[in-house]
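A.B. asks: Starting off with a structure, shown below.
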Amino acid sequence: MMKTVTGLMFALSLPCVALAEGADVVGVSKVQASDGSWRFRVTVAHGDEGWEHYANSWQVLAPNGQVIATRVLAHPHVEEQPFTRNKSGIVIPEGVDEVIVRAGDSVHGFSGKTMRVKLSD
């Protein structure tokens, strides 16, 4: 019994380390420009490990799954987590009042947490 308690106490004392799984969208803000296009500011969290495994893009999708815009992320963000990147000039199709934002990584593709964003807010 003592070994189990000691082992558990040791495990609980270790720092939490995020293992690189899918890239998660953890924040989104948007602003509509005077020409009707949108600027999205997306915050992504991912346990980037280097060039072999890193968050490499985020996308804005219509509710039907149509990709509206893609922001390619050109390098790993090992020391910058979570990180935020922008994309301007996004044209949302007429009649779409809500979008889905998702992030992808170089190993798992688009498998992390997404966010639904209402454009009227």
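Coordinate-derived values only; no laboratory data. Quick caveat: nothing in here was measured; it's all calculated off a predicted structure. All Cβ positions, even for glycine, are placed from backbone atoms using ideal geometry, and neighbour counts span all protein chains on display.
A.B. asks: Ranked by Cβ crowding within 10 angstrom, fewest neighbours first, how are R116, R41 ordered?
C.D. replies: R116, R41
A.B. asks: Say a paramagnetic label sat at a point 7 Å from the Cα of V31, along Cα to Cβ; which residues of segment 67-100 have their backbone N under 18 Å from it?
C.D. replies: Only 84-92 fall inside the zone, counting backbone N under 18 Å.
A.B. asks: Further question: Taking a point 7 angstrom from the Cα of E94 along the C-beta vector, which residues in segment 28-51 have backbone N less than 20 Å away?
C.D. replies: The answer is 32-38.
A.B. asks: Still on this structure: For segment 46-96, rounded, prolate or oblate, judged on the Cα gyration tensor with a ≥ b ≥ c (square roots of eigenvalues), a/c < 1.5 rounded, else prolate if a/b > b/c?
C.D. replies: Since a/c reaches 1.5 and a/b is larger than b/c, the shape of segment 46-96 is classed as prolate.
A.B. asks: Run the numbers for E21 and L119: contour at 0.36 nm per residue of separation, minus the present Cα-Cα distance, in nm.
C.D. replies: Working: separation 98, 0.36 × 98 = 35.28 nm, distance 2.89 nm.
This chain segment gains 32.4 nm when fully extended.
A.B. asks: Next up: Expressed as a rounded percentage, what relative contact order does segment 18-118 have, with Cα pairs under 8 Å and six or more residues apart?
C.D. replies: 35
A.B. asks: Over segment 18-118, how many percent of alpha carbon pairs lie in each 5 Å bin up to the one with the longest distance?
C.D. replies: Percent of Cα pairs in each bin: 3, 14, 26, 24, 16, 10, 5, 2, 0.
A.B. asks: List the residues, sorted by chain then number, that are 5 or more residues from S111 or on another chain and whose placed amide H is less than 5 Å from its amide H.
C.D. replies: A23, D105
A.B. asks: Ok, one more. Between F110 and F83, 0.36 nm times their residue separation minus their Cα-Cα distance comes to what?
C.D. replies: Gain in length upon complete extension: 8.0 nm.
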